[in-house]
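Participant: Quick one: the structure is below, and I'll ask about it shortly.
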Amino acid sequence: MTNIIHLEKIVKKFYIGTENELEVLHGIDLDITKGEFTSIVGESGSGKSTLMNIIGLLDRPTSGTYEMLSVDVSNMRDDDLARVRSRQVGFVFQTYNLIPRMSALKNVEVPLLYAGISQAQRTERAEELLEMVGMADRMLHQPDELSGGQKQRVAIARAMANDPAIILADEPTGALDSKTSRLIMDLFHKLHDEQGKTILLITHSQPLADETGRILTLVDGQVVGERRGTHAH
Ligand SMILES: Nc1ncnc2c1ncn2[C@@H]1O[C@H](COP(=O)(O)OP(=O)(O)O)[C@@H](O)[C@H]1O
Ligand SMILES: [Mg+2]
């Protein structure tokens, strides 16, 4: 099985001022293979977002080894990291992070633009993705004309734009009511079941985590437990 993510003894410290250091991750070991739907649960402040930012190449570990797709990214240059990130990682955030005053269609086109895809192909691909997430009839709306759930659908379409190796979702339903959360979770299941996407979901909802394949529990910067979910195969 292809290893998408391989983390070994990942430590992250933040330095506040000159003397104060805060160790947030205390040596995380984690392997994620292709097609897995993994979730990470843990209380606020346990280090979930810090870990996701490292996995998503938005931040670097203080020490430890990180291989993405069997390539050591621990010491990669910033511009190389940015290239791997834009090609291999799709992000979904609690706050959607769509570009205001830009249509849903244009938002989904942005990562395709960075990937050097022509305008005609960008539009075609973005339309397909928005159809897949059930937003075919809202493609020309701007974020402020969309509901939270609709914005998150657009963000998921955008995350899928470059067919990344992994989708990282940091509390994607954190700002949504339970009915809308259900629809968003169903969409992640669809990406996983129908497209074989590798997904890492961060949530503090135990029930939502339970329906993924594998649940890791983070307490104070350490993985303290791992169990299989109802979606294990
Ligand atoms: N850039 C930063 N500088 C200093 N401390 C940070 C920074 N980012 C996160 N932290 C601290 O790291 C800890 C873990 O935060 P975070 O990863 O956001 O947790 P979670 O996502 O599980 O709520 C918290 O104590 C937080 O205050
Ligand atoms: Mg967080």
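Participant: From Ser103, Ser147, which residue is modelled with pLDDT of 95 or more, more than 21 Å from Val84 (Cα to Cα), open to solvent by 30 Å² or more (accessible area, probe 1.4 Å) and not basic (Lys, Arg)?
Facilitator: Matching residue, one of Ser103, Ser147: Ser147.
Participant: Whether any residue in the range 57-72 is of a type in the set (A, V, I, L, M, F, W, C), surrounded by 14 or more Cβ atoms within 10 Å (Cβ to Cβ), touching a residue at least 12 places away in the same chain (Cβ under 8 Å) and within 13 Å of ligand 2 (Cβ to nearest atom) is what I want to check.
Facilitator: Within the range 57-72, one or more residues are of a type in the set (A, V, I, L, M, F, W, C), surrounded by 14 or more Cβ atoms within 10 Å (Cβ to Cβ), touching a residue at least 12 places away in the same chain (Cβ under 8 Å) and within 13 Å of ligand 2 (Cβ to nearest atom).
Participant: Going by what's in this entry, would Met76 be described as more than 16 Å from ligand 2 (Cβ to nearest atom) and either in a strand (DSSP E or B) or open to solvent by less than 70 Å² (accessible area, probe 1.4 Å) (or both)?
Facilitator: yes
Participant: Of the residues Ile32, Ile16, only one is among the aliphatic types (A, V, I, L, M), over 21 Å from the mean Cα position of the chain (by Cα) and away from ligand 2 (no atom under 15 Å from the Cβ); which?
Facilitator: Ile16
Participant: Which residue out of Asp163, Asp186, Asp193 is of a type outside the set (Val, Ile, Thr) and assigned to a loop (DSSP other than H, G, I, E, B)?
Facilitator: Matching residue, one of Asp163, Asp186, Asp193: Asp163.
Participant: Another question, then. Pick from Ala175, Ala104: which is within 16 Å of ligand 2 (Cβ to nearest atom), in contact with a helix residue (DSSP H, G or I) (Cβ under 7 Å, 6 or more places away or on another chain) and over 27 Å from Ile4 (Cβ atoms)?
Facilitator: Being within 16 Å of ligand 2 (Cβ to nearest atom), in contact with a helix residue (DSSP H, G or I) (Cβ under 7 Å, 6 or more places away or on another chain) and over 27 Å from Ile4 (Cβ atoms) holds for just one of Ala175, Ala104, which is Ala175.
Participant: Follow-up. Exactly one condition in (1) in contact with a helix residue (DSSP H, G or I) (Cβ under 8 Å, 6 or more places away or on another chain); (2) farther than 27 Å from Met185 by Cβ; (3) within 12 Å of ligand 1 (Cβ to nearest atom) is not met by Ile40; state its number.
Facilitator: Tallying (1) in contact with a helix residue (DSSP H, G or I) (Cβ under 8 Å, 6 or more places away or on another chain); (2) farther than 27 Å from Met185 by Cβ; (3) within 12 Å of ligand 1 (Cβ to nearest atom), Ile40 fails exactly one: (2).
The values are calculated or read from the model by the stated rules, or taken from the named source; none is laboratory data. Remember, predicted model here, so these are calculated numbers, not experimental data. Backbone-built Cβ (ideal geometry, glycine too); neighbour counts: all protein chains shown. For accessibility, only protein heavy atoms count, side chains too; no ligands or nucleic acids. Shrake-Rupley method; radii C 1.70, N 1.55, O 1.52, S 1.80 Å.
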